[in-house]
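The values are calculated or read from the model by the stated rules, or taken from the named source; none is laboratory data. Given the structure is predicted, the values throughout are model-derived calculations rather than measurements. Quick reminder, even Gly has a Cβ in these numbers, built from the backbone with ideal geometry, and neighbours come from all protein chains shown. Just the protein is used for accessible areas: all its heavy atoms, side chains included, with ligands, DNA and RNA removed. Shrake-Rupley method; radii C 1.70, N 1.55, O 1.52, S 1.80 Å.
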Amino acid sequence: MDFRQLEYFEAVVEAGSVSRAAKKLNMTQPPLSLAIAKLERELGVRLLERTAKGVHPTSAGLYLLANGVRLVAERDRVAETLIRMGDGVVGDLRIGVEPMVINEIVADVLAEFLEEAPGVRVTLIDIAPEAILHGLRDGDLDMGCVPFGPEQFADFVTDICEWQPVVKIDLKLAVPEDRADERHSGGRGWGRWILPRRMPAFSGMPETVETALSNDPTFEILEVSTPQTALPFVAAGLGVTPATQRMAENHAAVALQDAPLWLEPMQATLLWRRGAEITPLMERWIEATRVVGARLESGRS
């Protein structure tokens, strides 16, 4: 039994006549009669009572009609869902995001994405960059976004991932509010810097700061887990830290200054597992990220 036979049977019952059903189906009567007869032989039961006034379903025919309609409807629903999945408007998408890029771009990308595909269930997982790599490698994540450019990737990262740079993120220097009037040329003289820990997979902020301030006698480091973690320590007067405008502007007791010239903008980059299928949902997310990135770049210029 196939779906075409079910559709033929439904059409005959609805029309009450093989000839009328054939006309509605744009076919001749003989092949339709043969199809119904073949269906009855396959099932081993009579489905239609044939009378001078037309045809009527038997009890077996009524049972098939009730369940056949459901099967055809389910077939159509599955087909429609698959078509929508192909269009990238339904399904599940799992994105690993480093906390800093949530503020700077991912929240805007999610809004752009859901405006075009409100039926997609997006799961944003707020984790460290190295955990994003593990999730992509193990298939637990579809994509990731980190605040590092390809030139900052360790060699093994390029073995695991493919990538697309998205947008540069300007950095500020977050300082305690009671030190907002201080100015230190080249970033020297601030004393303690509160920096995220170094990572084997990515080089970035800690390495840059340590290199630039290696000859500053006041320089020392308080290591924390993430850039966001540093801000409460800045508010408590324990030191200064690189931060973004969005991260720090609403943080009490923290003031922002222009960053030293050597503290260049960070590069937000999309990652996905090397060799993985780029699904329509992933393509839609990449496009939404491109649109938002271009908008942010335009706002900077």
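Quick check: anything in the range 266-275 of a type in the set (S, T, N, Q) and touching a Lys or Arg at 6+ places or on another chain (Cβ under 8 Å)? Break it down stepwise before answering.
Quick first cut of the range 266-275, residues of a type in the set (S, T, N, Q) only: 267, 269.
From what's left, touching a Lys or Arg at 6+ places or on another chain (Cβ under 8 Å): 267.
The answer is yes; a qualifying residue exists.
Would you call VAL209 part of a strand (DSSP E or B) and either within 22 Å of the chain's Cα centre (by Cα) or over 24 Å from GLY96 (Cα atoms) (or both)?
Values: part of a strand (DSSP E or B): no; either within 22 Å of the chain's Cα centre (by Cα) or over 24 Å from GLY96 (Cα atoms) (or both): yes.
Criteria not met by VAL209.
Within the range 190-200, work out how many residues are at pLDDT 95 or above and open to solvent by less than 30 Å² (accessible area, probe 1.4 Å).
Of the residues in the range 190-200, 5 are at pLDDT 95 or above and open to solvent by less than 30 Å² (accessible area, probe 1.4 Å).
Can you report the number of residues in the range 154-189 which are assigned to a helix (DSSP H, G or I) and farther than 22 Å from GLU207 by Cβ? Let's see the steps before the verdict.
Of all residues in the range 154-189, those assigned to a helix (DSSP H, G or I) come to 155-160, 177-179, 185-187.
Those left that are additionally farther than 22 Å from GLU207 by Cβ: 177-179.
Within the range 154-189, residues that are assigned to a helix (DSSP H, G or I) and farther than 22 Å from GLU207 by Cβ number 3.
What single numbered condition from (1) under 17 Å from ASP2 (Cβ atoms); (2) at pLDDT 75 or above; (3) surrounded by fewer than 17 Cβ atoms within 10 Å (Cβ to Cβ) fails to hold for GLU49?
(1)
If you check THR208 against the conditions, is it among the polar types (S, T, N, Q), out of contact with any helix residue (DSSP H, G or I) (no Cβ under 7 Å at 6 or more places or on another chain) and over 26 Å from VAL291 (Cβ atoms)? Steps first, answer last, please.
Working: among the polar types (S, T, N, Q): yes; out of contact with any helix residue (DSSP H, G or I) (no Cβ under 7 Å at 6 or more places or on another chain): yes; over 26 Å from VAL291 (Cβ atoms): yes.
So THR208 passes the test.
Which residue pairs have Cβ atoms closer than 6 Å, lie 6 or more positions apart in sequence or on different chains, and pair a first residue in the range 107-135 that is closer than 19 Å to THR229 by Cα with a second residue that is among the aromatic types (Phe, Trp, Tyr)?
As it stands, the answer is PRO129/PHE202, since those pairs meet every condition given.
Answer yes or no: is there a residue in the range 82-93 that is modelled with pLDDT of 85 or more, part of a strand (DSSP E or B) and either out of contact with any Leu (no Cβ under 7 Å at 6 or more places or on another chain) or on the phi < 0 side of the Ramachandran plot (or both).
Within the range 82-93, the first condition is being modelled with pLDDT of 85 or more, and the residues that meet it are 92-93.
So of that shortlist, the ones also part of a strand (DSSP E or B) come out as 92-93.
Next cut, either out of contact with any Leu (no Cβ under 7 Å at 6 or more places or on another chain) or on the phi < 0 side of the Ramachandran plot (or both) only: 92-93.
Checking the range 82-93: at least one residue is modelled with pLDDT of 85 or more, part of a strand (DSSP E or B) and either out of contact with any Leu (no Cβ under 7 Å at 6 or more places or on another chain) or on the phi < 0 side of the Ramachandran plot (or both).
Residues to consider are ASP159, ASP142; find the one that is open to solvent by 50 Å² or more (accessible area, probe 1.4 Å) and either in contact with a Lys or Arg (Cβ under 6 Å, 6 or more places away or on another chain) or more than 29 Å from GLY299 (Cα to Cα) (or both). Even if it seems obvious, please write down each step before you answer.
Values: ASP142 fails: open to solvent by 50 Å² or more (accessible area, probe 1.4 Å).
Testing whether each residue is open to solvent by 50 Å² or more (accessible area, probe 1.4 Å) and either in contact with a Lys or Arg (Cβ under 6 Å, 6 or more places away or on another chain) or more than 29 Å from GLY299 (Cα to Cα) (or both) leaves just ASP159.
Quick check on my filter: what residues within the range 162-187 are on the phi < 0 side of the Ramachandran plot and open to solvent by less than 50 Å² (accessible area, probe 1.4 Å)? Break it down into steps so the answer makes sense when it comes.
From the range 162-187, those on the phi < 0 side of the Ramachandran plot are 162-185; that's our starting set.
Listed by number, the residues that qualify are VAL166, VAL167, ILE169, LEU171, LEU173, ALA174, VAL175, PRO176, ALA180.
Taking the range 232-264 on its own, how many of its residues are within 16 Å of GLY191 (Cα to Cα), among the hydrophobic types (A, V, I, L, M, F, W, C) and in contact with a Ser or Thr (Cβ under 9 Å, 6 or more places away or on another chain)?
Final tally of qualifying residues: 2.
Yes or no: the range 115-122 includes at least one residue that is assigned to a helix (DSSP H, G or I), out of contact with any Ser or Thr (no Cβ under 6 Å at 6 or more places or on another chain) and under 15 Å from GLU287 (Cβ atoms). Step through it out loud before you land on a result.
First, pick out the residues of the range 115-122 that are assigned to a helix (DSSP H, G or I): 115-116.
Retained after the next criterion (residues that are out of contact with any Ser or Thr (no Cβ under 6 Å at 6 or more places or on another chain)): 115-116.
This time we only want the ones that are under 15 Å from GLU287 (Cβ atoms), so: 115-116.
Checking the range 115-122: at least one residue is assigned to a helix (DSSP H, G or I), out of contact with any Ser or Thr (no Cβ under 6 Å at 6 or more places or on another chain) and under 15 Å from GLU287 (Cβ atoms).
May I ask you to verify whether GLY293 is open to solvent by 20 Å² or more (accessible area, probe 1.4 Å), within 19 Å of the chain's Cα centre (by Cα) and small (Gly, Ala, Ser)? First the steps, then the outcome.
Values: open to solvent by 20 Å² or more (accessible area, probe 1.4 Å): no; within 19 Å of the chain's Cα centre (by Cα): yes; small (Gly, Ala, Ser): yes.
The answer is no for GLY293.
Would you list the strands (runs of 3 or more DSSP E) that sit entirely within the range 218-288 and hold 1 or more residues that are hydroxyl-bearing (Ser, Thr, Tyr) and either farther than 13 Å from LEU173 by Cβ or open to solvent by 20 Å² or more (accessible area, probe 1.4 Å) (or both)?
On the way: elements: 220-224, 241-243, 254-258, 266-273.
Filter on the range 218-288 gives 266-273.
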